[in-house]
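J.: Sharing a structure, written as structure tokens. Questions coming.
The values are calculated or read from the model by the stated rules, or taken from the named source; none is laboratory data. Since the model is a prediction, treat every value here as computed from it, not as a measurement. Neighbour counts are summed over all protein chains in view; Cβ atoms, including those assigned to glycine, are modelled from backbone coordinates with ideal geometry. Accessible surface areas use protein heavy atoms only, side chains included; no ligands, DNA or RNA. Shrake-Rupley method; radii C 1.70, N 1.55, O 1.52, S 1.80 Å.
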Amino acid sequence: MADIRHSAPAIGDKLENGSTAADVARRQKLLTVIYFLLISTLMIGLCSRCSPLYPFNNWNDANCFFTTGKAMFSGKVVYRDIYEQKGILLYFLYGLCYLVSSKTFLGVYILEVLCLTGFLALAYDSALLFLRRRTALILMPIIAAVLCGSYSFYYGGSVEELELALVYLPIYCMLKSYFKSGDCIPSPRGIFILGASAACLLWSKFTLLGIYIGYVVFTAVLLIKRRDWKRLGCAAGMFVCGAAAASLPWIIYFAVNNALGDMLTVYFYNNLFLYAVEKSLFKYLFFLGGAFYQNMLFLVIAIVGAIAVIRSKYAPKFKWGMFSLYFCNVFFIYVGGIAFEYYAYGMAALSVFGFIVLAGKAEKLGDAWREKGLKRPGRQGFAALAAVTLLCAAGFAHCVSFNSYYMKQDRDELWLRHFADEIAQSEEQTLLNYGCLDLGLYTETGAVPVTRFFCKLNIPLDEMFDEMNEAVRTRKTEWIVCSAKDEDDALINENYDLVCKASGYEKKADDVEEYCLFRRKTA
């Protein structure tokens, strides 16, 4: 793949219509951003259950995040007063979304659109290193459609999705550094930004940090090999300063609220040591095989990009650098031996270079056709081509997304709506998810948890079971919602009365679950 350079007027030059090149560049940049926002709005709107086109996002994890963010913005201290397993930055973002809309995922939808737009901007800037501007623009809705329509995109609102741009940033920096200056190490400013971005991932979900670890190790080895101690010290200092700048607000937050110990225990110790690490190589490969099968399209494209790097005439340092990023990204996502479906979206960033390789092939094919007399489309023709590509890509994403069927559900017919109506009739609307993750009733009712463990998380923590059982025993909340499998639980029936039962769809149209709503006994 060649590095394509384009000549352009100098910034101060006057053009025929009286505008300067700077005016044209600003207008072009604004239109490009609007184009990316349009792509993101459409793709997220069709593929995410946070979208207004869907009745509700009934994913347990998204509701856990929303409930925790709501509690945080209602005065509770994360980890100390309310227990959840992800990072404080994620809850802060969901808290902002709660301020946008307290009982819907409208704010999360807006956040998803902005995050995808940021990712597309980085992918586009990377593509301009190899492709013509028009080709790069046409490529963006295709990338967005493949990723948003993938299985690992899941219900929408995952950490992997929201921070896709941060996961891609090291690859972006590697490409820009090598193809702009011939080096694989960014400028001090770029390293500072990488450090800050790494800290953002640290305070969201630290298993996504692998790609940054790969960059750090590669940079250290490369500079040590060169014996460039001054630059090594500068790089280390700038990275640490960036990470410290992005971490300081959260450290202050926990320190002021006397919750540093809770943060270290809940977020770091429990996540690192309470989960059983899978040591079986067969099981590990099984996880990877499942992820590949479910997300075959974007992972095959990622492999195409990796093969292109291996077979290229690029410098060995670039090849080793890209290998470090790819390998560490995959390894640290799955090293813990646990693999939920949405984990694979953490590898979506690896596909961008593969998309660029394939687009380069298409561009060369177009050049060959033009040599045979095919004319290059004008502005209007290109605008029409871009519009058709966007609509076709959106149609593809909607067809392959497993969320599409749920768009037809009537919000008023959701079991959550029926339960919320029952709860709204009581003076006290305190609630507990018992024996299950957050089912969405906190979001639907607007209730803020009054218990530290507001739902059962996927972690073997005795304290969680003890406190939840004690909450039921002492009838701490007015209402309990649980799966129908716990309907006959002796502890619940001793202290609560069954009010109603309802069923609803989950991941697929034929995936139906039944739920129970209990109310505190008066006697």
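J.: Any residue in segment 346-365 that is over 15 Å from V167 (Cβ atoms) and assigned to a helix (DSSP H, G or I) sitting within a Cβ distance under 6 Å of a residue that is modelled with pLDDT under 95 and open to solvent by 10 Å² or more (accessible area, probe 1.4 Å)? List the pairs, counting only those 6 or more apart or interchain.
T.: G360/M1
J.: Residues of segment 229-260 being open to solvent by less than 50 Å² (accessible area, probe 1.4 Å) and in a loop (DSSP other than H, G, I, E, B), which ones?
T.: N257, A259, listed by residue number.
J.: Checking the condition open to solvent by 50 Å² or more (accessible area, probe 1.4 Å), part of a helix (DSSP H, G or I) and at negative phi, which residue from Y293, Y267, Y284 passes?
T.: Selected residue: Y293, the only one of Y293, Y267, Y284 that is open to solvent by 50 Å² or more (accessible area, probe 1.4 Å), part of a helix (DSSP H, G or I) and at negative phi.
J.: State all residues of segment 49-81 that are within 12 Å of E444 (Cα to Cα) and over 16 Å from the mean Cα position of the chain (by Cα); if no residue qualifies, say none.
T.: Hits for segment 49-81 are P55, F56, N58, T67.
J.: Okay, next question. Conditions: (1) hydrophobic (A, V, I, L, M, F, W, C); (2) more than 17 Å from G87 (Cβ to Cβ); (3) modelled with pLDDT of 95 or more; (4) under 24 Å from the mean Cα position of the chain (by Cα). F286 meets all but one. Number of the miss?
T.: Here F286 clears every test but (3).
J.: Read through the list (1) without any contact (Cβ under 8 Å) to a residue 24 or more places away in the chain; (2) open to solvent by 60 Å² or more (accessible area, probe 1.4 Å); (3) in a helix (DSSP H, G or I), then give the number of the only condition that L385 fails.
T.: Of everything listed in (1) without any contact (Cβ under 8 Å) to a residue 24 or more places away in the chain; (2) open to solvent by 60 Å² or more (accessible area, probe 1.4 Å); (3) in a helix (DSSP H, G or I), L385 misses just condition (1).
J.: With respect to L431, determine if the residue is touching a strand residue (DSSP E or B) at 6+ places or on another chain (Cβ under 9 Å) and over 20 Å from D486 (Cβ atoms).
T.: When the stated conditions are applied, L431 does not pass them.
J.: Restricting attention to segment 465-498, and to residues there that are of a type in the set (D, E, K, R) and either within 17 Å of A447 (Cα to Cα) or touching a helix residue (DSSP H, G or I) at 6+ places or on another chain (Cβ under 7 Å) (or both), which single residue is most open to solvent (accessible area, probe 1.4 Å)?
T.: R473
J.: Considering L274, L222, L209, which residue is within 27 Å of the chain's Cα centre (by Cα), under 18 Å from C328 (Cα atoms) and either open to solvent by 80 Å² or more (accessible area, probe 1.4 Å) or not basic (K, R) (or both)?
T.: Answer to the selection: L209.
J.: Going through segment 120-130 one residue at a time, which ones are closer than 22 Å to G321 by Cα and open to solvent by less than 20 Å² (accessible area, probe 1.4 Å)?
T.: Listed by number, the residues that qualify are A123, S126, A127, L129, F130.
J.: Moving on to the next point. When you scan segment 24-57, how many residues do you find that are closer than 29 Å to S483 by Cβ and open to solvent by less than 10 Å² (accessible area, probe 1.4 Å)?
T.: 7
J.: Restricting to segment 101-119, name every residue that is of a type in the set (D, E, K, R) and either buried (at least 20 other Cβ atoms within 10 Å of the Cβ) or at pLDDT below 95 (or both).
T.: Within segment 101-119, just E112 meets the criteria.
J.: Taking segment 135-178 on its own, how many of its residues are open to solvent by 10 Å² or more (accessible area, probe 1.4 Å), under 19 Å from G87 (Cβ atoms) and outside any loop (DSSP other than H, G, I, E, B)?
T.: Final tally of qualifying residues: 5.
J.: Still on this structure, I have one more. Out of all the residues in segment 492-523, which are of a type in the set (S, T, Y) and either assigned to a strand (DSSP E or B) or touching a strand residue (DSSP E or B) at 6+ places or on another chain (Cβ under 6 Å) (or both)?
T.: Result: Y496, S503, Y505, Y515.
J.: Moving on. Taking the options L457, L439, name whichever one is outside any helix (DSSP H, G or I) and either at pLDDT 95 or above or crowded, with 21+ Cβ neighbours inside 10 Å (or both).
T.: It is L439.
J.: Just to be sure, is S74 in contact (Cβ under 8 Å) with a residue 24 or more places away in the chain, under 30 Å from G360 (Cβ atoms) and of a type in the set (G, A, S)?
T.: So S74 fails the test.
J.: Let me ask something else. Considering each residue of segment 419-440, count those that are farther than 19 Å from F66 by Cβ and out of contact with any helix residue (DSSP H, G or I) (no Cβ under 9 Å at 6 or more places or on another chain), and give that number.
T.: 6
J.: Something else about it: Do we have E444 as part of a helix (DSSP H, G or I), at pLDDT 95 or above and under 31 Å from the mean Cα position of the chain (by Cα) here?
T.: Taking the combined requirement at face value, the residue satisfies it.
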